[in-house]
Amino acid sequence: MEMAGPSYEVVVGLEVHVELKTHSKMFCGCANSFGAEPNTNTCPVCLGMPGSLPVLNQEAVRLAVSAALAFNCTIRQRSRFDRKQYFYPDLPKAYQISQYDAPFAEWGSVAIRSGATRRTVRIRRIHMEEDAGKLNHLGQNLQSSAGSLVDLNRAGVPLIEIVSEPDMSSADEARAYLNELRTVLSYVGVSDLRMEEGSMRCDANVSLKPAGFTGSLEDLPRVEIKNVNSLRNVGRAIEYEVERQSRRLAAGEAILKETRGFNDASGRTYSQRSKEEANDYRYFPEPDLPPLVLSEEWIADVRAGLPTLPDAWRTRLGAMGVADQDIETLVREPSQLAFLTRCLDYADDVRLVTTWMLSDMLRLLNAAGLTFAESPVGPERLAELLHLIEDGTLSGRMGKELLEKMFASGESTKTLVDKLGMAQITDDRVLSEKVAAVIADHAKVVEDYRSGKVKALGFLVGQVMKRTRGQASPEVVNRLFREMLDE
Ligand SMILES: [Zn+2]
């Protein structure tokens, strides 16, 4: 795909909405659960009935502050809720309770890696708000729809909105940022983070900065792409938008400040509304809620409850000697780190453990659709298996076979080794006989080897492996052949 020419720099900022995984909604006791019968998780508060009053969900505040602290944000000890006013059929109150000019968290950061590039993306603010309901259009799309059904189960579900500075300069960096955001949030455990179910949603602001531009980025004509529904599509939407804006600029046309949608099928963005007709939300302080006051002690308590975060893990794993690319694979999934940590209670060789985890174990788990937390072969069992490889009882190949059998049967390492008679043959006396027999049967190959064809040795070793059904120790067999054939 054609990217911006050398005379423009891509400027991307992201606004990410994350639904918080609380038991109940933000301002009422209704269940916060996805997939219930439409309009069953509702009450006078989230339906916006006159006279009903909101009560702030403390758990939502704790999750929101945990997330903000994980991104190194400064927590405002006194913040406020505001009413954002607009009309839409999925918003029964005709306003959304949000935070406007006093968000609870500001100035955080996310370190990203995109290829060889490392950079820090600043987070400008994180605020809390309630979600709106959902419209289900009958038929294929809104335009051809005969009607729309309103489901208010989602109305009042707690959200945080994470607003970045426009610090990203490509679709790849935006993907890396979202990936890291999602990884950190998965550690903190504040959300399901399912983009396809809408529990994580992303708006992307894209503009092109002319070379030598020294003004404020705010003055650049900015296009906002709304509600992109997958990580992959965020990248596609940005790539398309960069191409579209470059084309317009190359043709001498202006970029309009506007809101655009993204069409998954065509891979294109399309105009939704221009910013000139943008809403004026007439924010004002929410009169039914007191200011949100958080004590220093309470914030310290939330901070103390945070788990070890990805960056700390990167440092720790690096110090343990884990290879860089394995570190990146490991930190993407907290259950892998838990498994590794427990495995190291029984095993010493961290590289051996990570190699087995990320190759054979991961392959078996993926095929079975399981995570490390659900693995039929637990950390202790894997460690046992690796001990048998280290002490020469099993060859690497036999280890793989045994792992598959353990995976399928759930039986212990030792039981299976005994049952299947799998132990590796390392006894010199037993193997010497086999080696001697192979030498006698393959005089021609032996001659080749002696006359300098080193490769012939592989064939001879293979014959012994065959005759022992793979149980001979390849190291011992190799040594015995050399002892008998090299003079
Ligand atoms: Zn309710």
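The values are calculated or read from the model by the stated rules, or taken from the named source; none is laboratory data. Computed from a predicted model, the values in this text were never measured in an experiment. In this analysis, Cβ positions are derived from the backbone assuming ideal geometry, glycine residues included, and neighbour counts consider all displayed protein chains.
Remarks
- Number of positions in segment 288-307 that are out of contact with any Leu (no Cβ under 8 Å at 6 or more places or on another chain), surrounded by 13 or more Cβ atoms within 10 Å (Cβ to Cβ) and part of a loop (DSSP other than H, G, I, E, B): 2
- Of all residues in segment 175-234 being in a helix (DSSP H, G or I) and among the small types (Gly, Ala, Ser), the one that is farthest from residue 64 (Cα to Cα): 176
- When residue 136 is tested against (1) over 30 Å from residue 308 (Cβ atoms); (2) modelled with pLDDT of 95 or more; (3) part of a strand (DSSP E or B), exactly one condition is not met: (2).
- Filter pass, residue 190 being in contact (Cβ under 8 Å) with a residue 12 or more places away in the chain, among the β-branched types (Val, Ile, Thr) and more than 26 Å from residue 116 (Cβ to Cβ): yes
- Only a single criterion out of (1) free of Cβ contacts under 8 Å to residues at least 12 places away in the same chain; (2) not in a helix (DSSP H, G or I); (3) not basic (Lys, Arg) is not satisfied by residue 430, namely (2).
- Of all the listed residues (408, 436, 472), the sole one being of a type outside the set (Val, Ile, Thr) and over 47 Å from the mean Cα position of the chain (by Cα) is 436.
- If only residues of segment 12-22 that are of a type in the set (A, V, I, L, M, F, W, C) and away from the ligand (no atom under 16 Å from the Cβ) are counted, the one that is surrounded by the most Cβ atoms within 10 Å (Cβ to Cβ) is 14.
- Those residues of segment 208-232 which are aromatic (Phe, Trp, Tyr) and either outside the structural domain of residue 17 (by TED's automatic domain parsing) or buried (at least 16 other Cβ atoms within 10 Å of the Cβ) (or both), in sequence order: none
- Selection status of residue 120, within 16 Å of the ligand (Cβ to nearest atom) and surrounded by fewer than 14 Cβ atoms within 10 Å (Cβ to Cβ): no
- Extreme residue, surrounded by the fewest Cβ atoms within 10 Å (Cβ to Cβ), among residues of segment 23-76 that are outside any loop (DSSP other than H, G, I, E, B) and within 13 Å of the ligand (Cβ to nearest atom): 31
- Residue within segment 103-114 that is within 16 Å of the ligand (Cβ to nearest atom), assigned to a loop (DSSP other than H, G, I, E, B) and either in contact with an Asp or Glu (Cβ under 9 Å, 6 or more places away or on another chain) or at pLDDT below 95 (or both) present: no
- Among residues of segment 29-52 that are at positive phi, those with a Cβ under 7 angstrom from a residue that is near the ligand (Cβ under 9 Å from one of its atoms) and modelled with pLDDT of 95 or more, sequence gap 6+ or separate chain, pair up as 39/152.
- The listed residues are 401, 475, and the only one of them that is surrounded by 15 or more Cβ atoms within 10 Å (Cβ to Cβ) and of a type in the set (Asp, Glu) turns out to be 401.
- Hey, residue 416 assigned by TED's automatic domain parsing to the domain that holds residue 333 and modelled with pLDDT of 90 or more or not: no
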